[in-house]
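Read through the structure below, which is laid out as C-alpha coordinates, and then see the notes.
The values are calculated or read from the model by the stated rules, or taken from the named source; none is laboratory data. This one's a predicted model, so the numbers in the text were calculated from it and none came from an experiment. Neighbour counts run over all protein chains shown; Cβ positions are idealised from the backbone, glycine included. Only protein heavy atoms, including side chains, enter the accessible area calculation; ligands, DNA and RNA are left aside. Shrake-Rupley method; radii C 1.70, N 1.55, O 1.52, S 1.80 Å.
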Amino acid sequence: MEDSNRLFRLAEILNLVGMPTQTTIARGANVHQSLVSRAKRGLLKRLTPKVGELCDYAESRAAQIERFRAERQERRERRPALAEDVLSDCRRYLDEGCDPVVLRDQLNVLRRAQGQRARLPRAQSATAPDAA
(Lines give C-alpha, C1' and ligand atoms only; values in the text may rest on other atoms or scores of the structure.)
Protein backbone atom coordinates (compact mmCIF):
# COMPACT_ATOMS: atom_id res chain seq x y z
CA MET A 1 0.00 0.00 0.00
CA GLU A 2 2.87 2.38 0.77
CA ASP A 3 4.27 1.79 -2.74
CA SER A 4 1.03 2.90 -4.39
CA ASN A 5 1.00 6.06 -2.26
CA ARG A 6 4.56 6.84 -3.31
CA LEU A 7 3.71 6.27 -6.98
CA PHE A 8 0.66 8.53 -6.67
CA ARG A 9 2.78 11.21 -4.97
CA LEU A 10 5.40 10.85 -7.73
CA ALA A 11 2.76 11.67 -10.36
CA GLU A 12 1.68 14.72 -8.34
CA ILE A 13 5.27 15.94 -7.96
CA LEU A 14 6.09 15.50 -11.64
CA ASN A 15 3.08 17.66 -12.53
CA LEU A 16 4.05 20.53 -10.23
CA VAL A 17 4.47 23.93 -11.82
CA GLY A 18 8.17 24.68 -11.99
CA MET A 19 9.35 21.11 -12.54
CA PRO A 20 11.86 20.78 -15.39
CA THR A 21 11.11 18.96 -18.63
CA GLN A 22 10.76 15.20 -18.72
CA THR A 23 14.09 14.91 -20.51
CA THR A 24 15.86 16.96 -17.84
CA ILE A 25 14.27 14.90 -15.07
CA ALA A 26 15.24 11.67 -16.85
CA ARG A 27 18.86 12.79 -17.14
CA GLY A 28 18.99 13.91 -13.52
CA ALA A 29 17.46 10.68 -12.20
CA ASN A 30 19.42 8.47 -14.62
CA VAL A 31 16.26 6.90 -16.07
CA HIS A 32 14.61 6.82 -19.48
CA GLN A 33 12.34 9.69 -20.48
CA SER A 34 9.54 7.22 -21.21
CA LEU A 35 9.58 6.17 -17.53
CA VAL A 36 9.18 9.80 -16.51
CA SER A 37 6.29 10.16 -18.95
CA ARG A 38 4.48 7.11 -17.60
CA ALA A 39 5.10 8.20 -14.02
CA LYS A 40 3.77 11.67 -14.76
CA ARG A 41 0.56 10.18 -16.17
CA GLY A 42 0.19 7.89 -13.15
CA LEU A 43 0.59 4.68 -15.16
CA LEU A 44 3.25 2.98 -13.01
CA LYS A 45 2.20 -0.09 -11.03
CA ARG A 46 5.37 -1.18 -9.21
CA LEU A 47 8.09 0.58 -7.27
CA THR A 48 11.20 -0.77 -9.02
CA PRO A 49 14.73 0.41 -8.21
CA LYS A 50 14.66 2.79 -11.20
CA VAL A 51 11.29 4.17 -10.14
CA GLY A 52 12.72 4.61 -6.65
CA GLU A 53 15.59 6.66 -8.11
CA LEU A 54 13.06 8.74 -10.00
CA CYS A 55 11.04 9.27 -6.80
CA ASP A 56 14.12 10.36 -4.88
CA TYR A 57 15.14 12.79 -7.60
CA ALA A 58 11.63 14.20 -8.04
CA GLU A 59 11.22 14.67 -4.29
CA SER A 60 14.53 16.56 -4.09
CA ARG A 61 13.53 18.81 -7.01
CA ALA A 62 10.12 19.44 -5.43
CA ALA A 63 11.88 20.45 -2.20
CA GLN A 64 14.06 22.88 -4.18
CA ILE A 65 10.98 24.39 -5.81
CA GLU A 66 9.28 24.76 -2.43
CA ARG A 67 12.33 26.44 -0.91
CA PHE A 68 12.51 28.83 -3.86
CA ARG A 69 8.81 29.69 -3.52
CA ALA A 70 9.17 30.29 0.23
CA GLU A 71 12.20 32.55 -0.31
CA ARG A 72 10.38 34.47 -3.04
CA GLN A 73 7.33 34.93 -0.80
CA GLU A 74 9.55 36.14 2.04
CA ARG A 75 11.15 38.71 -0.28
CA ARG A 76 7.71 39.88 -1.40
CA GLU A 77 6.59 40.32 2.18
CA ARG A 78 9.70 42.37 3.01
CA ARG A 79 9.36 44.56 -0.09
CA PRO A 80 6.81 47.12 1.26
CA ALA A 81 8.91 47.82 4.36
CA LEU A 82 12.02 48.14 2.23
CA ALA A 83 10.23 50.50 -0.16
CA GLU A 84 9.26 52.72 2.77
CA ASP A 85 12.89 52.77 3.93
CA VAL A 86 14.05 53.76 0.44
CA LEU A 87 11.47 56.55 0.20
CA SER A 88 12.51 57.79 3.63
CA ASP A 89 16.15 57.83 2.55
CA CYS A 90 15.25 59.81 -0.58
CA ARG A 91 13.28 62.34 1.48
CA ARG A 92 16.22 62.75 3.88
CA TYR A 93 18.56 63.22 0.94
CA LEU A 94 16.37 66.01 -0.42
CA ASP A 95 15.77 67.54 3.04
CA GLU A 96 19.55 67.81 3.47
CA GLY A 97 19.57 70.14 0.49
CA CYS A 98 21.12 67.70 -1.97
CA ASP A 99 20.52 68.11 -5.69
CA PRO A 100 17.27 66.40 -6.81
CA VAL A 101 18.58 66.18 -10.38
CA VAL A 102 21.41 63.92 -9.19
CA LEU A 103 18.91 61.66 -7.42
CA ARG A 104 16.71 61.46 -10.51
CA ASP A 105 19.71 60.72 -12.72
CA GLN A 106 20.83 57.92 -10.40
CA LEU A 107 17.35 56.41 -10.46
CA ASN A 108 17.48 56.43 -14.25
CA VAL A 109 20.84 54.66 -14.16
CA LEU A 110 19.33 52.00 -11.89
CA ARG A 111 16.35 51.55 -14.20
CA ARG A 112 18.64 51.03 -17.18
CA ALA A 113 20.74 48.57 -15.19
CA GLN A 114 17.60 46.56 -14.48
CA GLY A 115 16.68 46.58 -18.16
CA GLN A 116 13.76 48.95 -17.75
CA ARG A 117 13.22 52.02 -19.86
CA ALA A 118 13.95 55.17 -17.88
CA ARG A 119 10.86 57.34 -17.78
CA LEU A 120 11.12 61.02 -17.04
CA PRO A 121 8.11 63.24 -16.57
CA ARG A 122 7.51 65.21 -19.76
CA ALA A 123 8.10 68.60 -18.14
CA GLN A 124 11.48 67.52 -16.76
CA SER A 125 12.67 65.76 -19.90
CA ALA A 126 12.13 68.91 -21.95
CA THR A 127 14.21 70.95 -19.51
CA ALA A 128 16.86 68.34 -18.75
CA PRO A 129 20.23 69.84 -17.76
CA ASP A 130 23.12 69.62 -20.16
CA ALA A 131 20.74 69.58 -23.13
CA ALA A 132 22.90 72.04 -24.99
>> Among [x] 16.8; [y] 15.9; [z] 19.4, only one was calculated for this model; which label is it, if the read-out is Kirkwood radius over Cα pairs in Å?
In response: [z]
> When only Cα pairs under 8 Å and 6 or more residues apart are kept, what is the percent relative contact order across the chain?
Replying inline: 21
> For the chain, what % of the accessible area comes from carbon and sulfur atoms, probe 1.4 Å?
Replying inline: 52
> Roughly speaking, what is the centre-to-centre gap between the stretch 84-104 and the stretch 22-80 when only Cα atoms are used, to the nearest Å?
Replying inline: 47
>> I'd like the accessible area for residue 92: 1.4 Å probe, protein heavy atoms, all chains in place, Å² to the nearest 10.
In response: 120
> Can you give the accessible area per residue of the stretch 1-92, in Å², using a 1.4 Å probe?
Replying inline: 71
>> Placing unit charges on C-beta atoms (Lys and Arg positive, Asp and Glu negative, everything else neutral), compute the dipole magnitude of the stretch 1-93 about its Cα centre in debye, rounded to 20.
In response: 340
> How far is helix 100-113 tilted off the main Cα axis of the chain, in degrees rounded to 10, range 0 to 90?
Replying inline: 30
> Once both axes come from the Cα atoms, what is the angle between helix 49-95 and the longest principal axis of the chain, in degrees from 0 to 90, rounded to 10?
Replying inline: 10
> Add -39500 (n - 2.57) for each DSSP H run of 4 or more in the chain, then divide by its residues: what number comes out at 222 nm, to the nearest 500 deg cm²/dmol?
Replying inline: -24000 deg cm²/dmol
